[in-house]
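Down below is the structure, laid out as structure tokens.
Since every read-out is calculated from the coordinates, none of them should be taken as a lab result. This is a predicted model, so every value here is computed, not measured. With ideal geometry, Cβ positions are generated from the backbone for all residues, glycine too; neighbour counts draw on all protein chains shown.
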Amino acid sequence: MILKVSYEEGAAGDWVAEPDVLSVFEFGRSPLESTDPRHVPVALTQLDEPSRVEVWRSHGPVKTGSWDGLRFAQGEWLTMGHIALDLEQCGTMRECSRLAYELLQSYLQQSPHPWPLKIWNHIPGINRGDGDEERYRQFCLGRAEAVSIDPGDGPPLPAATGIGTPLEEASLQVYFLAGALPGLDVENPRQVSAWRYPRRYGPRSPLFSRATILRMNGSSQFLLSGTASIVGHQTHHEHQVANQLRESLRNVDSLLGEGQRLMGGARAQLDHNGVLKVYIRNVKDFEAVRATLEASVPDEIPRIFVRGDICRENLLTEIDGIIGCR
């Protein structure tokens, strides 16, 4: 595998110094507490036990450093970059989002791995604010201003996840995986592409593809965007968390089928070569979500459950992951 992802017990410090480790994600801590370029705290609380960290490994040696506030860990073929902006210092959510994406793009322009493959956005109080003043809509505005291109018929950015962290979290966090070669972006036949959403969802549409296939050295992996219970552009199964997760999994299956079509026969498989991450808005829904997932996907695929707000208030859960292709 090009990128090996696993959920491991132990402290972040137990893993971060290993020579092939690209990054270690530690849940339940502010991103501003990062102590090493490969150490990425995430302000999402894990709901299942035992407590684990998310470890990314790639072919090394791994070089680490910082670039104008962006921290990075760079292997032979892949880079993980991490941005954490203090909201009190950088201004409004729109301003912070624009700054984060300007920084991301300027870093990639001089990187040996210039192709973004997947981006994670963690937005404090994502649903705070009314109408177009909602923080997520303001985040999308800032991102669009930084990217500043017309999507046209193709995705303007690769796969992405946008999740809300607690309102009291002090920072906007953006981290990403980039590669030496471009990925293959995948859209879902069951969904309207995000950049084509109608105006009712905000002044600027979200800019991301539904998935990106990482292809390198004869191997491929499926990088799944945050996938929720949306068909067309509308939320389905309001107030029904188990049905929302089932609809999300139908969207995942549709994406895997589309990826197979684009790749000419290779299909990503939900098995031990991948990982899943499930985001849950309400802690009380954890057991229902876990039981639904256990009944729907093989036990062999590692998974973790975290508390996080979804980009629409009527969405209760979302799933993303990294899935191996055969």
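If you only keep lysine pairs separated by 8 or more in sequence, or across chains, how many in the chain come under 23 Å at the Cα atoms?
5
Which one, 111, 248, 148, has the greatest fluctuation when you compute a Gaussian network model over the chain with C-alpha springs under 10 angstrom?
148
State the Kirkwood hydrodynamic radius of the chain in Å, one decimal place, computed from all pairs of distinct Cα atoms. Intermediate results must be reported in sequence, preceding the final value.
Details: mean 1/r = 0.0513 Å⁻¹.
After inverting the mean inverse Cα-Cα distance, the result is 19.5 Å.
How high is the relative contact order of the stretch 246-326, in percent, counting Cα pairs under 8 Å that sit 6 or more residues apart? Working shown, then result.
Values: 111 pairs, mean separation 34.1, N = 81.
Relative contact order here is 42 percent.
Which ³J(HN,Hα) values in Hz, rounded to whole numbers, follow from the phi angles of the stretch 49-57 under the Karplus curve 6.51 cos²θ - 1.76 cosθ + 1.60, where θ = phi - 60° and Gly and Pro get x?
Each residue of the stretch 49-57 in turn: 10, x, 5, 9, 10, 9, 10, 9, 10 Hz.
Would you mind counting up the charge near residue 276? Only other residues with Cβ under 10 Å from its Cβ, with Lys and Arg at +1 and Asp and Glu at -1.
The answer is +1.
When the scattering of the stretch 86-230 is computed by the Debye formula from its Cα atoms alone, each counted once and equally, what is log10 I(q)/I(0) at q = 0.19 Å⁻¹?
Treating every Cα as an identical point scatterer, log10 I(q)/I(0) equals -1.21.
May I ask for the equivalent-ellipsoid semi-axes of the stretch 37-121, computed as the square root of five times each C-alpha gyration tensor eigenvalue and listed largest first in whole Å?
Details: eigenvalues 97, 89, 22 Å².
Semi-axes from the Cα gyration tensor: 22, 21, 10 Å.
What's the longest piece of the chain with no exposed GluC sites (Glu not before Pro), counting a site as exposed if DSSP puts it in a loop and it has at most 10 other beta carbons within 10 Å?
Numbers: sites that count: 168, 300.
Answer - 1-167.
Placing +1 on the Cβ of each Lys and Arg and -1 on the Cβ of each Asp and Glu in the stretch 57-211, which of 184, 194, 113 has its Cα farthest towards the positive end of the resulting dipole?
Selected residue: 184.
Among 226, 60, 162, determine the one that fluctuates most according to a GNM of the chain built with springs between C-alpha atoms less than 10 Å apart.
60
Between the stretch 23-83 and the stretch 220-264, what is the C-alpha centre distance in whole Å?
Using only Cα atoms, the two centres lie 26 Å from each other.
Semi-axes of the stretch 191-326's equivalent ellipsoid from the Cα gyration tensor, sqrt of 5 times each eigenvalue, largest first, rounded to whole Å? Provide the component values of the computation, followed by the final result.
Numbers: eigenvalues 114, 82, 27 Å².
So the equivalent ellipsoid measures 24, 20, 12 Å along its semi-axes.
In a shell of Cβ-Cβ distance under 12 Å around residue 14, excluding residue 14 itself, what net charge do Lys and Arg (+1) and Asp and Glu (-1) give? Working shown, then result.
On the way: positive: 52; negative: 8, 9, 18, 26.
Neighbour charge sum, excluding residue 14 itself: -3.
Return the sequence-ordered ³J(HN,Hα) values of the stretch 302-310 in whole Hz as given by the Karplus equation 6.51 cos²θ - 1.76 cosθ + 1.60 applied to θ = phi - 60°, using x for Gly and Pro.
Computed from phi, the couplings for the stretch 302-310 are x, 8, 9, 10, 10, 8, x, 7, 9 Hz.
I need to check one value: relative contact order of the chain, counting alpha carbon pairs closer than 8 Å and at least 6 residues apart, in percent. Walk me through the numbers on the way to the answer.
Numbers: 806 pairs, mean separation 56.1, N = 326.
About 17 percent, as a whole number.
Would you kindly state how much longer the chain becomes between residue 35 and residue 190 on full extension, computed as 0.36 nm times their sequence separation minus their alpha carbon distance, in nm to one decimal?
51.6 nm
Most mobile of 114, 37, 189 per a Gaussian network model of the chain (Cα springs, under 10 Å)?
Of 114, 37, 189, the Gaussian network model singles out 189 as fluctuating most.
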